[in-house]
Structures are given as C-alpha cells and as structure tokens.
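Participant: For reference, the structure I am asking about is given below.
What follows is calculated from the coordinates using simple rules that are stated; it is not laboratory data. In this text, all values refer to a predicted model and were calculated from it rather than measured experimentally. Note: ideal-geometry Cβ built from the backbone for every residue, glycine included; neighbour counts use all protein chains shown.
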Amino acid sequence: MKIPAIDLGTCTECEGCIEVCPSVFRKNPATGYVEVVDLENYPKEEVDEAIKNCPADSIHWE
Ligand code: SF4
C-alpha cells in the first residue's frame, strides 16, 4: 500500500494540504510540523489533490 509522505525540508507549513485533505494531513501539536496521519487506507483522490496543490511540491507517495 502506498503512503503519502511530506518532505519537511521543502514544506513551507502553508497548511494547504490540511485544508484540502484534513483526514490525512494535520499539524503535529508537539513539533509544529505538518504530518501524515496513520491510516489503513489513504483516500487517493484527496491526497492526489493535495499533491497537486502543494506550492512547494513537498508531498509524494512512497
Ligand atoms: S501543502 Fe505542501 S508546503 Fe503546504 S503544508 Fe502541506 S506539504 Fe507543506
């Protein structure tokens, strides 16, 4: 199964992915960084939308 991943080296913390796909992306309250929630299955279309919209091109499937 493919899992979305965020490259924190390029992520600008714009939170756009959280708006597009809040079931998958969230802000980690402890670190302040955006992270991927652990899920059994990821909603492909929503994640693809977040990937497409990420201004820093920081999200990919792995
Ligand atoms: S949309 Fe991209 S740059 Fe913005 S918070 Fe998400 S991963 Fe980071």
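Participant: Please compute the Kirkwood hydrodynamic radius of the stretch 4-61 from all pairs of different C-alpha atoms, in Å with one decimal.
Facilitator: Result for the stretch 4-61, one decimal place: 11.2 Å.
Participant: For the stretch 4-61, what is the charge dipole size about the Cα centre, in debye to the nearest 20, if Lys and Arg each add +1 at the Cβ and Asp and Glu each add -1 at the Cβ?
Facilitator: Dipole magnitude for the stretch 4-61 comes out near 100 debye.
Participant: Say each of THR12 and ALA30 gets a label point 7 Å from the Cα, pointing the same way as Cα to Cβ; how far apart are those two points in nm?
Facilitator: 2.9
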